[in-house]
Every structure is written in C-alpha cells, then in structure tokens.
1. Show me the strands (runs of 3 or more DSSP E) entirely contained within chain B in which 2 or more residues are β-branched (Val, Ile, Thr) and either within 12 Å of chain A (Cβ to nearest Cβ) or over 12 Å from the mean Cα position of the chain (by Cα) (or both).
2. Tally the residues that are under 22 Å from residue A:214 (Cβ atoms) and either buried (at least 22 other Cβ atoms within 10 Å of the Cβ) or facing another protein chain (nearest Cβ under 9 Å) (or both), restricting the search to the range A:15-51.
3. Residues of the range A:112-131 being part of a helix (DSSP H, G or I), of a type in the set (A, V, I, L, M) and either without any contact (Cβ under 8 Å) to a residue 40 or more places away in the chain or in contact with a Ser or Thr (Cβ under 8 Å, 6 or more places away or on another chain) (or both), which ones?
4. Quick one: is residue A:223 under 15 Å from the mean Cα position of the chain (by Cα) and not in a strand (DSSP E or B)?
5. Among the residues of the range A:65-82, is there at least one that is within 14 Å of chain B (Cβ to nearest Cβ), among the polar types (S, T, N, Q), without any contact (Cβ under 8 Å) to a residue 12 or more places away in the chain and under 30 Å from residue B:44 (Cα atoms)?
6. Would you mind finding the one in A:139, A:134 that is away from every other protein chain (no Cβ under 14 Å), in a loop (DSSP other than H, G, I, E, B) and in contact with a strand residue (DSSP E or B) (Cβ under 9 Å, 6 or more places away or on another chain)?
7. Of everything in the range A:83-111, what is away from every other protein chain (no Cβ under 12 Å), in contact (Cβ under 8 Å) with a residue 24 or more places away in the chain and farther than 26 Å from residue B:46 by Cα? Give them in sequence order.
8. In the list A:155, A:200, A:134, which residue meets the criterion of being in contact with a His (Cβ under 6 Å, 6 or more places away or on another chain) and aliphatic (A, V, I, L, M)?
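What follows is calculated from the coordinates using simple rules that are stated; it is not laboratory data. Note that the coordinates shown come from a computational prediction; the quantities given were computed from them, not determined experimentally. No Cβ is skipped: glycine too gets one built from the backbone with ideal geometry, and neighbour counts run over all protein chains shown.
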Amino acid sequence: MDNLIIAGRSFRSRLMIGTGKFSSNQAMVSAMEASACEIVTVALRRVDISNPQDSMLQHIDHQKYLLLPNTSGARDAEEAVRLARLARAAGCEPWVKLEVTPDPYYLLPDPIETLKAAEILVKEGFTVLPYMPADPVLAKRLEDVGAATVMPLGAPIGTNRGLRTRDHLAIIIEQARVPVVVDAGLGAPSHAAEAMEMGADAVLVNTALADTPNPAAMSAAFAKGVQAGREAFLAGLGRQRQLAEASSPLTGFLRNES
Amino acid sequence: MELKINGKPFQVEENSHIDQLLKQLELNPHQVIIELNRNILKKETFADTRLSQGDTLEIIQFVGGG
C-alpha cells in the first residue's frame with residue numbers, strides 16, 4: 001500500500017482538511033466524508049461566555065479522524081507553545097500544526113518564531129507539523145529540531161492562488177527526509193494534483209472546500225486531484241522538451257517525397 | 001467577588017469552585033479547557049479548585065480552523 005507515514009503513523013489519505021469557514025457543522029462533516037481524509041485541523045479560541053456555542057468537536061468522529069489542533073492566532077513562539085499545551089490538556093493526542101503568523105495581512109509564518117516553538121514542542125513530546133514559508137533552508141532546520149513534517153505554503157492562506165512558490169517547493173521536496181505537506185493557497189483540484197505530481201507527500205486544504213456552494217462535491221474533486229497527482233508522480237512524468245517530438249510515425253506519409 | 005474571564009470582568013459568589021462557575025455560565029465541562037492564572041487546569045480538578053478575588057481565567061474551546 002502507498003500509505004503516508006507521519007511519525008510512524010500510517011494514513012491512507014494524502015488529503016488533510018481544515019475545518020474553518022464552513023457554513024455549518026453539517027457542511028463540514030459532509031466535506032470530511034467526501035474527501036476520505038483522515039486528518040482534520042481545528043483551532044482554539046476563547047468561549048464567548050455571553051453566547052456559548054456547543055463544541056464543533058462533537059460532530060467529528062474521533063475514531064475516524066485524527067484531530068490536529070493548530071496554533072493559529074499565535075504571534076510568537078510563546079503564544080504557540082501555550083496553545084499547543086492547551087490543546088493537549090483537552091485530551092487530544094499530542095499532535096500540533098504549528099502556526100505562527102504575526103502579520104495580519106498575508107498571514108505569512110514567522111520562520112524564527114516557528115523554529116523556536118518547534119524545538120520547544122518537540123522536546124515536550126509533541127508531534128510537530130509546522131506551517132512554514134517555502135524556504136528550503138528553514139525546512140532543513142525544522143527537520144533538524146525534530147519536526148515530523150514540513151508544511152510549506154503554496155500561496156498565502158485563503159487566497160486560492162495555487163503553487164506560487166513552486167520552484168522552492170521543488171527544492172524542499174527534493175531535500176526533505178520528512179513528509180512534505182503543501183499547505184495554504186490551494187484553490188483548485190489541479191493545484192493539489194500539481195503539488196502531488198511534484199512529489200509532495202500530502203496537501204492540506206480548507207478555504208477551497210469551505211468557501212464554495214457545494215463543499216462535499218468540491219472535497220470529492222480535491223480527493224481525485226490528490227490521487228491523480230500521486231499516481232502520476234509514482235508512474236513518473238515524461239520529460240519536458242523545447243521542440244515538438246512527433247507521436248505518430250514520421251514515415252509512410254501519403255505524399256511523394258521530393 | 002470579581003474575576004477576569006476571557007479578558008472581561010465577571011462577578012461570581014465568594015468561594016465558588018470552577019464547576020459551579022461553569023454551571024453558572026451554562027458550559028459543559030467536557031467541552032472546555034481552562035487556564036487559571038496561566039496554569040492549565042486538569043478536568044479532574046474542576047470540582048476542587050476554588051476561585052479567589054482577582055483570578056484570571058481563560059475558558060477555551062475548539063472551533064473550526066485550517
């Protein structure tokens with residue numbers, strides 16, 4: 001079987017899903033089911049004590065899905081570590097999608113604080129999946145401190161713009177010894193397929209699934225994109241050429257050669 | 001007495017415990033995570049943890065996120 005292995009744990013699906021922005025819990029669950037994903041991210045926020053809502057967690061089948069709490073909202077390493085510890089206190093497995101995004105406009109990850117937090121959390125026994133800029137050197141540094149994956153961005157979160165960082169992603173994929181999960185900015189199944197064709201081990205998608213009239217149908221489409229890209233990668237893509245190379249024989253034409 | 005919950009002032013009766021506070025707020029103790037003065041509380045301790053004037057609490061839960 002062509003399974004994805006993260007920190008010794010095996011997954012059949014190479015599509016991870018974020019649970020934000022869905023119009024309802026029902027839409028979220030239908031997207032999860034249609035995608036056949038096994039890992040879903042969740043966030044931690046203050047309860048609105050003047051208007052408490054039931055936890056979305058009760059809609060998620062914990063036997064079927066691994067919950068991956070993120071540290072979204074953290075602006076530095078300290079805040080990220082605090083959020084990760086809170087998630088673990090809730091009884092989650094000690095897996096965390098580390099996210100440190102001090103810049104509110106592009107939500108780009110802070111490489112220095114991300115590395116700092118990764119090191120602390122690995123020492124505390126967390127399985128750390130860091131969201132990171134598509135920087136091959138940083139990917140190596142995160143690997144060195146014990147990150148279980150690297151999660152370079154394709155484009156800023158929620159932008160649906162695809163693999164704007166393609167050349168750097170290729171270097172990260174070439175050099176990585178841990179799974180590479182392309183996260184953020186994937187807006188179409190073709191983007192996911194492209195990442196997988198390049199040799200990414202998995203992708204994480206949220207906005208493109210949630211912010212569409214039919215999340216379940218879009219999730220199924222993304223699952224096919226991921227699968228197609230993976231199979232193409234394993235099969236081996238043909239070489240690109242500058243000049244045409246005929247697919248049909250260049251002899252026996254119905255004309256007299258002069 | 002006055003506490004600070006999620007950044008806002010909040011009144012509770014003297015000598016309240018965490019589980020009484022949650023009842024007052026109509027919150028399910030299994031669905032929230034609580035930090036008391038920056039220390040994470042284990043759920044098993046909710047019934048035994050007494051609140052004091054000026055305590056700072058964070059009451060947190062999981063929400064959708066990417």
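1. Working: elements: B:2-5, B:8-11, B:33-36, B:56-64.
The strands (runs of 3 or more DSSP E) meeting that bar are B:33-36, B:56-64.
2. Counting residues in the range A:15-51 that are under 22 Å from residue A:214 (Cβ atoms) and either buried (at least 22 other Cβ atoms within 10 Å of the Cβ) or facing another protein chain (nearest Cβ under 9 Å) (or both) gives 16.
3. Pass one, the range A:112-131, residues part of a helix (DSSP H, G or I): A:112-123.
If we keep only those that are of a type in the set (A, V, I, L, M) as well, we get A:112, A:115, A:117-118, A:120-122.
Listed by number, the residues that qualify are A:112, A:115, A:117, A:118, A:122.
4. Working: under 15 Å from the mean Cα position of the chain (by Cα): yes; not in a strand (DSSP E or B): yes.
Yes.
5. no
6. On the way: A:139 fails: in a loop (DSSP other than H, G, I, E, B).
Sole residue among the options that is away from every other protein chain (no Cβ under 14 Å), in a loop (DSSP other than H, G, I, E, B) and in contact with a strand residue (DSSP E or B) (Cβ under 9 Å, 6 or more places away or on another chain): A:134.
7. A:98, A:100, A:102, A:106, A:108, A:109, A:110, A:111
8. Working: A:155 fails: in contact with a His (Cβ under 6 Å, 6 or more places away or on another chain); A:200 fails: in contact with a His (Cβ under 6 Å, 6 or more places away or on another chain).
Within the list A:155, A:200, A:134, the selection yields A:134.
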